[in-house]
Amino acid sequence: MVDIDGVVSLFGIPESAAAPGAVEGGLHSIDGIPHFLSSTAAGHLLALLPQFELVWASGWEEKANEHLPRLLGLPGPLPFLRFARRLESGSSTRAHWKLEAIDSYAGDRPLAWIDDAFNAACHAWAKARTAPTLLVSTAPHRGLTSREAELLLAWAAGHSPPPGRPA
């Protein structure tokens, strides 16, 4: 599961491209809103494709496929989740609003979720799942970097799906 804002579309002003470990990418206008899209993150997503079924888990929903494959050189369209528009009383607007859709899509398969906005509900849900589950947190101004990509690949090496099931 791949969030977009804070993972691929970064917040804040990226570091200079000349700085060691700098995030590469560029500004793009998407529906009139400027987004700094990380080509660094896109490269890491491409490297994850042999081991993972990438699924957009973002409020962008179908908009992700309208823009990101073309702008970042990603395959497309990718599956995407639709989220309920209602929030239950007492809930926050952080990542846990995604749990119902993610849980339904993942079923009993191993799951890795990349997001910049996990909260206690996300961690409790991940711990309670019977299938292997990895939450990978990103810094919203850096997004998906080699550190997170290496963690995901190492985790995938130990959690192959059952025969005949997609990753």
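Quickly run through region 123-158 and pick out the residues that are closer than 20 Å to Ala41 by Cβ and of a type outside the set (A, V, I, L, M). Even if it seems obvious, please write down each step before you answer.
Kept after step one, since they are closer than 20 Å to Ala41 by Cβ, are these residues of region 123-158: 134-156.
Ser137, Thr138, Pro140, His141, Arg142, Gly143, Thr145, Ser146, Arg147, Glu148, Glu150, Trp155, listed by residue number.
Do the conditions hold for Ala117, that is, is it among the small types (Gly, Ala, Ser), modelled with pLDDT of 95 or more, in contact with a helix residue (DSSP H, G or I) (Cβ under 8 Å, 6 or more places away or on another chain) and assigned to a loop (DSSP other than H, G, I, E, B)? Lay out the reasoning, then the answer.
Numbers: among the small types (Gly, Ala, Ser): yes; modelled with pLDDT of 95 or more: no; in contact with a helix residue (DSSP H, G or I) (Cβ under 8 Å, 6 or more places away or on another chain): yes; assigned to a loop (DSSP other than H, G, I, E, B): yes.
In short, no.
Taking the criterion of being at pLDDT 95 or above and assigned to a strand (DSSP E or B), would at least one residue in region 47-59 satisfy it?
Yes, that holds for at least one residue.
Conditions (1) surrounded by fewer than 22 Cβ atoms within 10 Å (Cβ to Cβ); (2) modelled with pLDDT under 95; (3) of a type in the set (Asp, Glu), marked per residue:
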| residue | (1), (2), (3) |
| --- | --- |
| Val2 | no, no, no |
| Ile13 | yes, yes, no |
| Ser16 | yes, yes, no |
| Ala19 | yes, yes, no |
| Gly25 | no, yes, no |
| Gly32 | yes, yes, no |
| Ala42 | yes, no, no |
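Conditions: (1) under 14 Å from the mean Cα position of the chain (by Cα); (2) crowded, with 16+ Cβ neighbours inside 10 Å; (3) more than 16 Å from Gly6 (Cβ to Cβ). Tyr105 meets all but one. Number of the miss?
Tallying (1) under 14 Å from the mean Cα position of the chain (by Cα); (2) crowded, with 16+ Cβ neighbours inside 10 Å; (3) more than 16 Å from Gly6 (Cβ to Cβ), Tyr105 fails exactly one: (1).
So which pairs qualify, if the first residue must be in region 103-125 and closer than 15 Å to Phe52 by Cβ, the second must be part of a helix (DSSP H, G or I) and modelled with pLDDT of 95 or more, the Cβ gap must be under 6 Å, and the two must be at least 6 apart or on different chains?
Once the first residue is closer than 15 Å to Phe52 by Cβ and sits in region 103-125, its partners that are part of a helix (DSSP H, G or I) and modelled with pLDDT of 95 or more give Ala112/Leu152.
Could you count how many residues in region 29-65 are closer than 24 Å to Glu100 by Cβ and free of Cβ contacts under 8 Å to residues at least 40 places away in the same chain?
Adding up the residues that qualify gives 4.
Please enumerate the residues belonging to region 127-159 that are of a type in the set (D, E, K, R) and either touching a Cys at 6+ places or on another chain (Cβ under 7 Å) or not in a loop (DSSP other than H, G, I, E, B) (or both).
Filtering region 127-159 for residues of a type in the set (D, E, K, R) gives 127, 129, 142, 147-148, 150.
Across region 127-159, the qualifying residues are Lys127, Arg147, Glu148, Glu150.
The values are calculated or read from the model by the stated rules, or taken from the named source; none is laboratory data. Values in this document were obtained by computation on a predicted structure and should not be read as measured data. Don't worry about glycine lacking a Cβ; one is built from the backbone with ideal geometry, like all the others, and counts go over all protein chains shown.
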